[in-house]
Amino acid sequence: MLRGSWRPPDAARLVAFSPGLAWVAVLGAEGHVELLDPFAGDTRSLRLDHPALALALADDGATLAAVDAQRRVHIVPLAAAAEARVLPVDCGELIRQRVGPAPVTERVSIAPHDVVLAAGTDAVLVSERIVDDEEEYYGGGWITSHARTTLVHWRTGAGRVLRTDDASNAITYTVRDAERSADHPVAAAFSSDGLRLGILLRTGRLVLYDREGGPLASIAEPALRAFEFLPGDTGLVTASGARVVTRDLAGRPRREFSATHDLTALACSPCGSRIACLDIVGGITVLDAVRGGPMEVIPPALAGSPRSIAWLEERLRIRCADDTLLELRAGEDRSSTTTS
C-alpha cells in the first residue's frame with residue numbers, strides 16, 4: 001500500500017539521498033541546502049560557501065558532505081557547522097581526453113558510492129578514479145587509469161587507503177572492456193552501526209572491512225551485483241544474477257533464494273525476516289528470509305522505475321529514476337500484486 005510520495009522541487013539544482021533513504025538533501029540557489037525526512041516533517045537548513053557538484057548524507061541526518069569542482073570533500077556536521085573541514089583526499093572520477101594535437105579536455109563525475117558517510121561515527125569512505133585517454137592523431141594511443149579508496153575519520157583527518165589499482169593499456173578499437181581499467185568500487189556501504197563496511201569492485205569481488213579498515217573477508221562470485229548488511233551486524237546478503245544468499249560476517253553462505261530476474265539492489269527489513277530485491281526490469285520482490293520464497297511482488301508500474309530501495313521500520317522506500325521518493329507499507333494486503 002502506498003503511504004506517501006515526495007517529489008523534489010522544480011528549482012532543485014542537486015538532490016541526494018542518504019544510503020538508507022532516511023534523509024534527503026536538496027541544493028537550491030546561492031548554496032542553500034535543505035535537509036529533510038519528507039515523511040516525518042523534520043527539516044534542517046544550511047548554506048554552503050562553495051559550489052557543489054555532489055552531496056552526500058549520513059542516515060542519521062547528522063553529517064553532510066559536499067564535493068566541489070576540484071573534487072575536494074567538505075564535511076559539515078549539522079550540529080556545529082563551524083567545525084566544517086575539508087578531507088585530505090580527492091573524490092569521484094576525473095577523465096582526461098586528448099586526440100592528436102588537440103587540447104586536453106576534462107570531465108568530472110561523482111557517483112553516490114564515491115562518498116559514503118557512516119551514521120553515528122566520523123567515518124567516511126571516499127573513492128577516486130583518474131583516467132587518461134590519449135589517442136594519437138593517426139590512430140593508436142594509450143589509456144591509463146588509477147583508482148583509490150580511502151577510509152577517513154573526518155574529525156582528525158586520519159585516513160587509511162583500503163584499495164588502490166593502476167592500469168595501462170593500448171587503445172584497441174575493439175570491445176571497450178578489452179581496454180582494462182583500474183579496478184574500482186561500483187558500490188559501497190557501512191553496516192547500520194558503523195562497525196563494518198563493504199566495497200563491491202568492478203571485477204565482481206566484495207571486500208569486507210572493520211571500522212578501522214582492517215580486512216575481514218573477501219567474496220568473489222560471478223555476476224555479483226549487490227550486497228546489504230543484515231540488521232544487528234549479524235551477517236550480510238548478496239545478489240549474484242537472480243541468486244540471493246545470506247552469509248555470516250566471514251562471507252560463508254547460510255541460505256540461498258532465487259528471484260525471477262537478475263537483481264541490482266537489496267534491502268533488509270529491520271527485523272531481518274524479509275529481503276526486498278530490486279530486479280533489472282524494475283520490479284521488487286519481497287522474500288521471506290525465514291521460511292523461504294517470495295512474500296510479495298511489487299510490479300514496475302507501482303515501483304515507479306526504481307533506482308534504489310531501503311527499509312525503514314515496516315516501510316519500504318523507493319527512490320525512482322526522477323528522484324521521486326515513494327513510501328510503501330510492505331506486507332499489507334496487495335492482492336493484485338502478491339504471489340504465493
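The values are calculated or read from the model by the stated rules, or taken from the named source; none is laboratory data. It should be emphasised that the depicted structure is a prediction, and the values quoted were computed from it without experimental measurement. For neighbour counting, all protein chains shown are included, and Cβ atoms are generated from backbone atoms with ideal geometry for every residue, glycine included. When the accessible area is computed, the model is the full protein with side chains, heavy atoms only, and any ligands, DNA or RNA have been set aside. Shrake-Rupley method; radii C 1.70, N 1.55, O 1.52, S 1.80 Å.
Couple of notes before you dig in:
- Note on residue 260 and residue 248: their simple-model spin labels are 3.5 nm apart, each label 7 Å out from Cα toward Cβ.
- Normalising the average separation of contacting C-alpha pairs (under 8 angstrom, six or more residues apart) by the number of residues puts the relative contact order of the chain at 11 percent.
- Relative contact order computed over segment 230-292 (Cα-Cα under 8 Å; 6+ residues apart), in percent: 24
- GNM result for the chain, Cα springs below 10 Å: residue of 248, 262, 59 fluctuating most strongly: 248
- Selected from 45, 218, 192 as most flexible by GNM, with the chain as the system and alpha-carbon contacts under 10 Å: 45
- Rounded, prolate or oblate (a/c below 1.5 giving rounded, otherwise prolate when a/b exceeds b/c) for segment 156-256 by Cα gyration tensor: oblate
- Accessible surface, segment 53-120, averaged per residue in Å² (probe 1.4 Å): 44
- Neighbour net charge for residue 29 - beta-carbon separation under 15 angstrom, K R +1, D E -1: -2
- A simple count of charges around residue 57, restricted to other residues whose Cβ falls under 11 Å of its Cβ and scoring Lys, Arg +1 and Asp, Glu -1, yields -2.
- From the C-alpha gyration tensor of the chain, square roots of 5λ in Å: 32, 26, 20
- Taken over segment 173-317, the convex hull of the Cα atoms encloses 116 Å³ per residue.
- Counting every C-alpha pair in segment 1-93, the share spaced more than 20 angstrom apart comes to 33%.
- Approximate shape of segment 45-114 as ellipsoid semi-axes (Cα gyration tensor, √5λ), whole Å, largest first: 30, 12, 9
- Sum of side-chain charges, residue 196 neighbourhood, beta-carbon under 14 Å (Lys, Arg +1; Asp, Glu -1): -4
- Where only DSSP H runs of four or more residues are counted, the chain gives 0 deg cm²/dmol as its mean residue ellipticity at 222 nm, each run worth -39500 (n - 2.57).
- Gain in span if fully extended, residue 30 to residue 321, counting 0.36 nm per residue against the direct Cα distance: 102.2 nm
- For segment 250-316, the Rg and Dmax computed from alpha carbons only, in angstrom: 11.7, 38
- Within segment 259-308, the trypsin sites (Lys or Arg not before Pro) that combine a DSSP coil assignment with at most 15 other C-beta atoms in a 10 angstrom radius are 291.
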